[in-house]
Amino acid sequence: IFSIMSSGGYGTMKFPENFLWGGAVAANQLEGAWLEDGKQPNVTDILVGIGSKEPGIKWNGEKYEMCLDPDKKYLSHEAIDFYHRHKEDLELMAGMGFNCFRTSIAWGRIFPNGDETEPNEKGLAFYDELFDEMKELGMEPCITMSHYETPLHLLTEYGGWSNPKLIEFWKNYAKTVFTRYKGKVKYWLTFNELNAIHGYAKLGIHKETPQTFYQCQHHMFVASSKAIQIGHEMMPDAMFGAMFAMSEMYPATCKAEDVFACYEHRRMNY
């Protein structure tokens, strides 16, 4: 309950009864257990951090292969070990009054390489347990289907989202998780920050050009639309939304070139 000042004095307003109050993270940010129970690496597992400019892959003359630096700390490999400690972490969230929690499904836990026809049961079972625990604690799952977690195999073998074949792999993934969790998850997001072209971590491409950027983005738009169409057919009561990156930015100075550079950066983001 909070008060507002109006011309007639103070008034009282309330959040609606179904207002969702919670927090948001992503599988690659907190789960850890990056190679447990059948999971294979995703594109963020080979980055020291999301902003890393030196991903842990190299070109061997024919294709990309993983080459992690033993002297570097890859943050997603252990993270906060939510994979093993989710029960106590969720209890802490419930103690804060959360009635909603947004996280993501690691695509590579469900389809380790991304292009399999049959899913990994251990991965599906983990999210069953997670969503059941959330429900018991009175928290609605708000689930992102992909939060920078494209299986690495889809990059090394197919070139990442620059390849339209990923749309079909994605549709298989979408049908699988919708079938499994349609009674547990009502709120879905397809891709995190769908509007923003982030490059390597998001798109799964190493050699970036304006053409590959926009081709990847187009394929992701199509994949997102297909997932929403499938989701509404399979789960008529489900809700689908998007998380957009719209952070404001400002030019370093009032110089025309700085102002124009800011406009260009904002255009890329939008």
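Restricting to Cα pairs below 8 Å that are 6+ residues apart, what does the relative contact order work out to for the chain? Please round to a whole percent.
Values: 457 pairs, mean separation 48.1, N = 270.
Averaging sequence separation for qualifying contacts and normalising by length gives 18 percent for the chain.
Solvent exposure of residue 64, expressed as accessible area, is near 30 Å², computed with a probe of 1.4 Å over the protein chains only. Accessible area per residue for region 24-153, computed on protein heavy atoms with a 1.4 Å probe, is 45 Å². Estimated at 0.36 nm per residue, the fully extended path between residue 259 and residue 58 surpasses their Cα-Cα distance by 68.7 nm. For residue 15, the solvent-accessible surface computed with a 1.4 Å probe is close to 100 Å², ligands and nucleic acids excluded.
Only beta bridges with both residues in the chain are counted; by DSSP, about 35 percent of them are antiparallel.
Overall form of region 97-255: oblate. Here a/c, set by the Cα gyration tensor axes a ≥ b ≥ c, is 1.5 or more, and a/b is not larger than b/c.
Which of rounded, prolate or oblate describes region 117-168 when judged by the alpha-carbon gyration tensor and an a/c cut-off of 1.5? Verdict is prolate for region 117-168.
Here residue 180 sits with roughly 80 square angstrom of accessible surface, probe radius 1.4 Å. The distance between label points at residue 13 and residue 222 comes to 4.3 nm (points 7 Å beyond Cα on the Cα→Cβ vector). Note on region 95-226: with neighbouring protein chains present and a 1.4 Å probe, carbon and sulfur make up 52 percent of its accessible heavy-atom surface.
In the chain, the DSSP-assigned H stretches of four residues or longer account for a calculated mean residue ellipticity at 222 nm of -12000 deg cm²/dmol, using -39500 (n - 2.57) per stretch and the full residue count as denominator. Net length available on complete extension from residue 91 to residue 24 is 22.6 nm, with 0.36 nm assigned per residue and the Cα-Cα distance removed. Ordered from longest to shortest, the equivalent ellipsoid semi-axes for region 39-151 are 30, 17, 11 Å, each the square root of 5 times a Cα gyration tensor eigenvalue.
Specify whether the C-alpha gyration tensor of the chain places it in the rounded, prolate or oblate class, a ≥ b ≥ c being the square roots of the eigenvalues: rounded for a/c under 1.5, otherwise prolate if a/b is larger than b/c and oblate if not. Display every interim value, and only then the final one.
Details: a/c = 1.63, a/b = 1.16, b/c = 1.41.
Judged from the Cα gyration tensor, the chain comes out oblate (a/c at least 1.5, b/c at or above a/b).
For the pair residue 65 and residue 195, the difference between a 0.36 nm per residue extended length and the Cα-Cα distance amounts to 43.9 nm.
Taken along the Cα-to-beta-carbon direction at a fixed 7 Å, the label points for residue 37 and residue 182 span 2.4 nm. Modelled this way, with points 7 Å down the Cα-to-C-beta line, the labels at residue 165 and residue 266 are 4.1 nm from one another. Once you treat every alpha carbon in region 20-102 as an equal point and sum by Debye, what is log10 I(q)/I(0) at q = 0.11, 0.16, 0.18 Å⁻¹? Those come out to -0.39, -0.71, -0.82, one per q.
The values are calculated or read from the model by the stated rules, or taken from the named source; none is laboratory data. In this text the structure is predicted, and so the values were computed from the model without any measurement. Positions of Cβ are generated from backbone atoms using ideal geometry, with glycine treated the same way; all protein chains shown enter the neighbour counts. The protein model used for the area step is the full one, side chains on, heavy atoms only, and it has no ligands, DNA or RNA in it. Shrake-Rupley method; radii C 1.70, N 1.55, O 1.52, S 1.80 Å.
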